[in-house]
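Trainee: Could you have a look at this structure, given as structure tokens, before my questions?
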Amino acid sequence: MKKYLLVFFLFLATSSFAQLQQLTMEEAMLNARTTLAPENLKQLQFIKGTNDYVYIKKVNGADTWMKGSFTSKEESTFVTLSQFNNQLRKLSIDTVTSMPAVQFFKDHWTSTVKGQKIYCNTVSGECKIAINKELNAKENLEESNDGFFSYVDNHNLFVSKNNTTKQVTNDGSENIVYASTVHQSEFGITKGTFWSNNGKLLAFYRMDQTMVPNYPIIDWTERPAAVNNVKYPMAGDSSHHVTLGIYNTITQQTIWVKTTGPAEQFLTNIAWSPDDQFIYIVIVNREQNHFWVNQYNATTGVYVKTLFEESDSKYAEPLVPMLFVKNNPQQFIWQSRRDGWNHLYLYNSDGTLVKQLTKGNWEVLEVKGFDDKGDNLFFVSTKVSPVSKNLSEVNVKSGKIKNITESNNLHNTQVSEDGSYVLDNASTPQNPRTIQLIETKTSKSKTLLQANNPLVKYAQGELNIFTIKNSDGADLYCRLFKPVNFDSTKKYPVIVYWYGGPHAQMILNAWNGGAGDYWFQYMAERGYIVFTLDTRGSANRGKDFEQAIFRRAGEKQMEDLMSGINYLQSLPYADKNNMGLFGWSYGGFMTVDFMLTHPGIFKTAVAGGPVTNWKFYEIMYTERYMDRPQENPEGYDATDLTKKIGNLKGKLLLIHGMQDNVVVMQHSVNLVKAAVDKGVQVDYMIYPGHEHNVLGKDRAHLYQKVTDYFMQNLK
């Protein structure tokens, strides 16, 4: 009888497991951000200038903007799709089936529909076309506070207002680039125009890249194939020259800021003084170990003074412009890692340091802005732990810090314009999403949404986030997915996924462990252990943790991965004879480097978009971490993977987007050529039409390729 009962209960357990679905590749990779993403409040935002919030909700099957507040018991209808479409008809614009992105202000809201930007009065509901389709299609379009529009057309800068257009520059070309990002979009640079506070002065970049060689990117859709040249300054070679102009819309004249020093330096972190009399530029030397915060007269372009300067024995990387204190133009906030961690410093406008506002072995990640009076500054940090994000406020005068959120979880936050309320979008590995409205003064909260587990119908492997020690005794954060229906008496093949480079963090104490898709769960459903660790070099662990890789890219990361491997091999259920390694971009470089430096540990590896020789990567990024090839020949030689390819043991799949203009395809092609010369077999997959990342529907194809490769080679 006992035997039959045991069989019966085993049958029930097996049947229960069998009823759970397995993710398809399309669900894991494409639906993870749509139908299988945690429930959310679509386009949730504060109405600027108020403490009311709005979001899109389906009402009778149609998108409807709902409006609420901390004190309101019920939310009210704000704008319906029908009302929106009625206004579009009046403007002779085609109607829409769903709400486009909308930005709400106290007295109006704006949206871009069918290529035209519309402006709608909140009270009357009447709308008008603010930017027509022709203007809205211009490159690098930016509007000023005085109604001017700047844009680039045929390589030159134009400024327009009230149907009157002024061509500001005349010599623009593929070599002379105006009003666009410069320095390969490093140093936090995301654009090339900077309107003054009053909206009448326009600072803009001019980049002369005549001295930078053309690099061919092939368009394979043409017959015959066509060459699209890009400018790509490689490490150790000539760099472009950047200057900053200021166009005055009143005089219609342009002056050039008189920056001095070598032509090959970096102009970063542009900021205006509150009264628009001065403009500030952070000048970084090419060696990237010294920078100067300089003040210039905005009318003449003449140098006024250096407010202060910073240097570092390895590298210094200013990423955020100065932020003037609200209601106090005589002081500003500066972010610096000068004490080893990114923190906030209060300065007088003459460059004298008032005080360090935040301090500790944690990083300030983002500044959210001031409260209504300018007394308190809101910021996001790793104060609780390196795998969490929390919101705090610091009093500018006293330096006293108050935590708005305080848990070892991920909190993505929005702060109302006056700082009275916060929208907190939080998650944990077990909780997909909780959205709360928090009153900052009292810390009282109101729950707006509690999301259910979107994977409840799917078999899920157990997820754990933990730390191990590396060889230096430092904590390394790890994430491990166990196979579905895990049995500790069995042995399972292992896949290790990693990145290891600066400005990236793989592991967060958040939903899905910080992963943006469900591929790890997909592999856990198919019987794999999936392991990730953030090695030295990765983000948000302080300057020393990152700078450990200086001049020796790969060495400390591989040491840390060996610590991870030792941990895996200590697990009785991990099959050390069937382990695979996977990484993309910097992680692709790390993957190939490890396979060739420590051959035989991993049976199989996949490297996507890999750097295989740092001499072939761009100046700004490479020289920051490696110095120039002329200054660090041993370091560069150690990372020339073509010289190590003969060490390969096991299977290696290289993947590259054929239009990659970040890690150019030459990297993987050269590695394949070296493998052929050495008689070493490697596998190679290309993705025509894709740049550095394979996106869209083809991403599922990519991950199916990766999955098949591991399944074929890890038995």
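Trainee: On the given criteria, is Lys389 within 30 Å of Asn51 (Cα to Cα), modelled with pLDDT of 95 or more and not small (Gly, Ala, Ser)? Full working, then the answer.
Mentor: On the way: within 30 Å of Asn51 (Cα to Cα): yes; modelled with pLDDT of 95 or more: yes; not small (Gly, Ala, Ser): yes.
Yes: the conditions hold for Lys389.
Trainee: Pick from segment 483-493 the residues that are surrounded by 12 or more Cβ atoms within 10 Å (Cβ to Cβ) and out of contact with any strand residue (DSSP E or B) (no Cβ under 6 Å at 6 or more places or on another chain): which of them is farthest from Gln22 (Cα to Cα)? Explain how you work it out, then say what you get.
Mentor: From segment 483-493, those surrounded by 12 or more Cβ atoms within 10 Å (Cβ to Cβ) are 483-486, 490-493; that's our starting set.
Imposing the further condition that a residue be out of contact with any strand residue (DSSP E or B) (no Cβ under 6 Å at 6 or more places or on another chain) reduces the set to 484-486, 490.
Details: Val484: 10, Asn485: 12, Phe486: 15, Lys490: 21 Å.
Out of the qualifying residues, it is Lys490.
Trainee: Same structure again: Among residues belonging to segment 527-550 that are basic (Lys, Arg) and crowded, with 20+ Cβ neighbours inside 10 Å, point out the one that is farthest from Tyr586 (Cα to Cα). Give the derivation first.
Mentor: Let us first name the residues in segment 527-550 that are basic (Lys, Arg), namely 536, 541, 543.
Add one more test, that the residue is crowded, with 20+ Cβ neighbours inside 10 Å, and what stays is 536, 541.
Values: Arg536: 13, Arg541: 18 Å.
Taking the candidates together, the pick is Arg541.
Trainee: Restricting attention to segment 27-41, report how many residues are exposed (fewer than 15 other Cβ atoms within 10 Å of the Cβ) and of a type in the set (D, E, K, R).
Mentor: Residues meeting the conditions: 2.
Trainee: Of the residues Val364, Val293, which single one is under 22 Å from Glu417 (Cα atoms) and surrounded by 17 or more Cβ atoms within 10 Å (Cβ to Cβ)?
Mentor: Selected residue: Val364, the only one of Val364, Val293 that is under 22 Å from Glu417 (Cα atoms) and surrounded by 17 or more Cβ atoms within 10 Å (Cβ to Cβ).
Trainee: Additional query: Can you work out which of the residues in segment 525-549 that are in contact with a Phe, Trp or Tyr (Cβ under 8 Å, 6 or more places away or on another chain) and assigned to a helix (DSSP H, G or I) is nearest to Val364 (Cα to Cα)?
Mentor: Lys543
Trainee: From the list Phe187, Phe148, Phe194, which residue is buried (at least 18 other Cβ atoms within 10 Å of the Cβ) and farther than 24 Å from Thr268 by Cβ? Break it down into steps so the answer makes sense when it comes.
Mentor: Working: Phe187 fails: farther than 24 Å from Thr268 by Cβ; Phe194 fails: farther than 24 Å from Thr268 by Cβ.
Answer to the check: Phe148.
Trainee: Continuing with this model, one more query. For the structure I just gave you, tell me whether Ser124 is free of Cβ contacts under 8 Å to residues at least 60 places away in the same chain, part of a loop (DSSP other than H, G, I, E, B) and not basic (Lys, Arg). Before the answer, list the steps.
Mentor: Values: free of Cβ contacts under 8 Å to residues at least 60 places away in the same chain: yes; part of a loop (DSSP other than H, G, I, E, B): yes; not basic (Lys, Arg): yes.
When the stated conditions are applied, Ser124 passes them.
Trainee: Follow-up question, since we're still on this one. Give Ser238, Ser173 a once-over and let me know the one that is surrounded by fewer than 15 Cβ atoms within 10 Å (Cβ to Cβ) and over 23 Å from Pro318 (Cβ atoms).
Mentor: Ser173
Trainee: Based on what the data block shows, is Asn121 surrounded by fewer than 17 Cβ atoms within 10 Å (Cβ to Cβ) and of a type in the set (S, T, N, Q)?
Mentor: Criteria met by Asn121.
The values are calculated or read from the model by the stated rules, or taken from the named source; none is laboratory data. If you're wondering where the values come from, they're calculated on a predicted model, not measured in any experiment. FYI the Cβ positions are ideal-geometry reconstructions off the backbone, even for glycines, and counts take in every protein chain you see.
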